[in-house]
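The values are calculated or read from the model by the stated rules, or taken from the named source; none is laboratory data. These figures come from a predicted structure and were not determined experimentally. Every residue, glycine among them, receives a Cβ derived from its backbone with ideal geometry; neighbour counts consider all protein chains shown. Please note that ligands, DNA and RNA were not included when accessible areas were found on the heavy atoms of the full protein model with its side chains. Shrake-Rupley method; radii C 1.70, N 1.55, O 1.52, S 1.80 Å.
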Amino acid sequence: MRNKHIWAATTVVVIAIGATALFEHRADRKLKRMLAESAAIMLQVRDQLATIRTSTDEAKIKLSSADDLQGILNDLQRIRETYTQRQTGLEKAEHYINNIKGEINRRLDVISSEITRRDATVTPVTGLSWIDLHGQQIKILETPLRFDIDVLKVASLRHPKGLKYDPSKLPVPWPKQYVEQFKQEFNPYTFASNCSAVAQQIREGNGDWIQQITYLLTQLAKYTNAQDEIFYNFDYQQVGDIFKAGWKSALGNALVSVGLLEIYDATKDDKYLNLSRRYLAPLTTAWQDEDIVRLDQANYLWFEETPPANGRPISVYNGHVYTTLALYRYQQLTGDKSLEPYLRAGLATAARYLPESRRPGKIPVYSRYDETPDYGPLRAYNQANALWEITGNRIFKDLADGLMTDIPVR
């Protein structure tokens with residue numbers, strides 16, 4: 001009985017083991033199937049993710065391309081606007097240039113007609129002769145000269161007697177424009193005016209002026225080049241051209257010379273006389289710079305106030321006359337006749353060309369360059385009248401009378 005029980009138990013165990021194995025086998029197959037299905041699903045998900053990723057990248061590319069296209073469109077719009085603006089600017093510039101061309105042509109017509117008028121109305125100059133200077137034939141005015149004319153008064157450089165100035169500062173300040181705009185504490189006319197004022201104070205015994213004379217000479221040296229020419233250390237615009245810093249002027253040298261002559265006259269110190277002669281040398285014995293001294297085609301000697309502009313000499317009338325009067329002042333004060341040929345050459349040029357400055361019924365012109373009116377018409381009259389008194393030549397008398405007829409008196 002016992003064995004039956006054992007067999008039965010054994011059978012149950014065997015069946016149980018078999019059932020368990022079968023269950024495990026079936027479970028394993030199901031698990032494997034599930035795993036396989038999961039793997040397949042994961043592969044599908046991976047593929048779908050890859051597809052999504054690819055689509056996203058393509059979308060980004062498309063979006064970026066759209067942004068780039070919009071940027072290009074914006075750039076093209078800006079280019080179009082810039083082109084339109086430039087086109088408008090070019091049209092304005094073309095219009096402006098045409099206006100300038102028209103103005104140039106108008107002025108050329110005026111100049112041409114004026115040249116024709118001048119050539120047809122040139123007043124014959126009596127008393128002309130010529131001499132050889134530096135190997136060239138130069139016209140001079142052969143006429144007796146009077147040496148009792150106060151040319152400082154003509155140039156408004158004569159300071160009245162009885163005025164008293166403070167010896168601790170300059171009687172006449174440097175022009176504001178020179179100091180503030182040009183940054184140059186020196187101006188030839190102001191230099192001459194100060195020398196004249198100081199000389200008058202010395203003659204009247206009003207204080208010790210050596211300090212101011214020393215200062216004036218120091219400033220003078222700063223603006224004198226190696227050829228003893230006065231130079232202007234700033235750019236200056238004139239008649240559409242620009243004179244570069246370092247430009248020179250015959251008038252600058254002439255005014256400095258006149259100022260030094262006044263100090264010499266008051267002190268009788270020859271060093272001021274010698275210095276004055278040095279500044280006249282570039283205009284005379286050391287004749288070397290056509291920017292300030294030139295001979296024209298008719299053999300007239302010009303003392304130029306400025307360099308040429310646009311390739312043409314400007315030939316400022318009052319600058320030439322003042323330089324001529326500086327040579328007159330030198331001979332008047334010293335009695336030295338060595339520079340008289342240049343004085344007479346300057347007078348001949350004035351006799352030939354100064355009448356051309358007059359515009360009957362109007363303000364005289366400033367130079368031979370164009371029709372710009374003279375900003376100091378009364379000065380033109382004073383110069384013509386002084387030249388009449390010095391030379392006795394009727395040309396200057398007629399010009400002075402004509403200018404007095406034309407100009408307003410202020």
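Annotations for the structure displayed:
- Leading residue by the ranking (farthest from residue 162 (Cα to Cα)) among those in segment 195-221 that are outside any helix (DSSP H, G or I) and not aromatic (Phe, Trp, Tyr): 208
- Flag if residue 80 is basic (Lys, Arg), more than 29 Å from residue 293 (Cα to Cα) and at pLDDT 70 or above: yes
- The selection criterion, being under 30 Å from residue 300 (Cα atoms) and buried (at least 17 other Cβ atoms within 10 Å of the Cβ), holds for residue 230.
- Per this entry, residue 316 is not counted among residues that are over 30 Å from residue 123 (Cβ atoms), crowded, with 20+ Cβ neighbours inside 10 Å and in contact (Cβ under 8 Å) with a residue 24 or more places away in the chain.
- Test: residue in segment 168-182 that is part of a loop (DSSP other than H, G, I, E, B), without any contact (Cβ under 8 Å) to a residue 24 or more places away in the chain, surrounded by fewer than 18 Cβ atoms within 10 Å (Cβ to Cβ) and of a type in the set (Asp, Glu): no
- Members of segment 329-383 that are in contact with a strand residue (DSSP E or B) (Cβ under 7 Å, 6 or more places away or on another chain), open to solvent by 40 Å² or more (accessible area, probe 1.4 Å) and polar (S, T, N, Q): 372
- Flag for residue 379 being closer than 18 Å to residue 154 by Cα and either in contact with a His (Cβ under 6 Å, 6 or more places away or on another chain) or among the basic types (Lys, Arg) (or both): yes
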